[in-house]
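Undergrad: Before I ask anything, here is the structure I am working with.
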Amino acid sequence: MDVQNRMNSVICSNERCKAPAHINEIKFVGGDNDKGGIIIKCSNCTNIFAVTVKNPDDASISKGEK
Ligand SMILES: [Zn+2]
């Protein structure tokens, strides 16, 4: 089964912050794709918010730092 990676850019839901975060979203081509949400904690203001993604179990969060 083919797998596609897609970088999803979101911004913090805190009106006064709006710091960007990146989610590595996985899509199974021709397979079952779950839909759900993951919880992100903003690295800038520590705000916690939910983002809708495909296959939340396989998604990973990149905060732009390694
Ligand atoms: Zn924030």
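Undergrad: Report the one residue of 30, 4, 60 whose Cα lies farthest in the direction of the positive end of the charge dipole of the chain (charges on C-beta: Lys and Arg +1, Asp and Glu -1; origin at the Cα centre).
TA: After comparing all options, I get 60.
Undergrad: Of all the Cα-Cα pairs you can form in the chain, what percent are over 20 Å apart?
TA: Beyond 20 Å sits 28 percent of the P(r) for the chain.
Undergrad: With +1 on the Cβ of every Lys and Arg and -1 on the Cβ of every Asp and Glu, and nothing else charged, how large is the dipole of the chain about its Cα centre, in debye rounded to the nearest 20?
TA: Using only the charged Cβ atoms, the result is roughly 320 debye.
Undergrad: Go ahead and collect, in residue order, the members of the stretch 1-19 whose backbone nitrogen is under 16 Å from a label point 7 Å along the Cα-Cβ direction of residue 29.
TA: The answer is 1-7, whose backbone nitrogens lie closer than 16 Å to the label point.
A short reminder: the numbers here are calculations on the coordinates, not readings from a lab. Quick caveat, the model's predicted, so the values are computed rather than measured. In this analysis, Cβ positions are derived from the backbone assuming ideal geometry, glycine residues included, and neighbour counts consider all displayed protein chains.
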